[in-house]
Amino acid sequence: MKLSGKVFLAGLISYGVGGPLYVLSVDYAGIAVPTLITALSPVITEVLAIVRLKEKLNRKSILGFTAVITGVVIASLIGIQI
């Protein structure tokens with residue numbers, strides 16, 4: 001499989017911008033909030049795939065989707081109480 005130069009460049013730019021921003025957000029907000037937001041990345045990707053690409057969820061995707069959302073909600077609730 002050949003990697004497109006545009007895809008490579010987009011990945012390089014997004015990592016080059018996203019990495020430092022993540023480090024700054026951890027410094028600013030602590031580790032909990034940025035990590036919870038980062039954990040939602042697969043969910044956001046799946047939602048975009050459903051909306052833009054008309055992708056259908058299979059059973060494993062639904063279970064993973066549910067597990068991530070449940071974990072983020074539980075971690076958020078625990079973090080609020082601390």
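The values are calculated or read from the model by the stated rules, or taken from the named source; none is laboratory data. Every value quoted in this text rests on a predicted model; they were computed, and no experiment measured them. Cβ: placed from backbone, ideal geometry, glycine included. Neighbour counts: every protein chain shown.
Here are a few things to note about the model shown:
- When ASP27 is tested against (1) of a type outside the set (A, V, I, L, M, F, W, C); (2) modelled with pLDDT of 90 or more; (3) under 17 Å from ALA75 (Cα atoms), just one condition goes unmet, and that condition is (3).
- Close Cβ contacts (under 7 Å, 6 or more residues apart or on different chains) running from residues in the stretch 5-23 that are under 20 Å from LEU36 (Cβ atoms) to residues that are aromatic (Phe, Trp, Tyr) and in a helix (DSSP H, G or I) are absent.
- Counted as qualifying within the chain are the helices (runs of 4 or more DSSP H) with 2 or more residues that are loosely packed, with under 10 Cβ neighbours inside 10 Å, namely 5-29, 41-53, 59-81.
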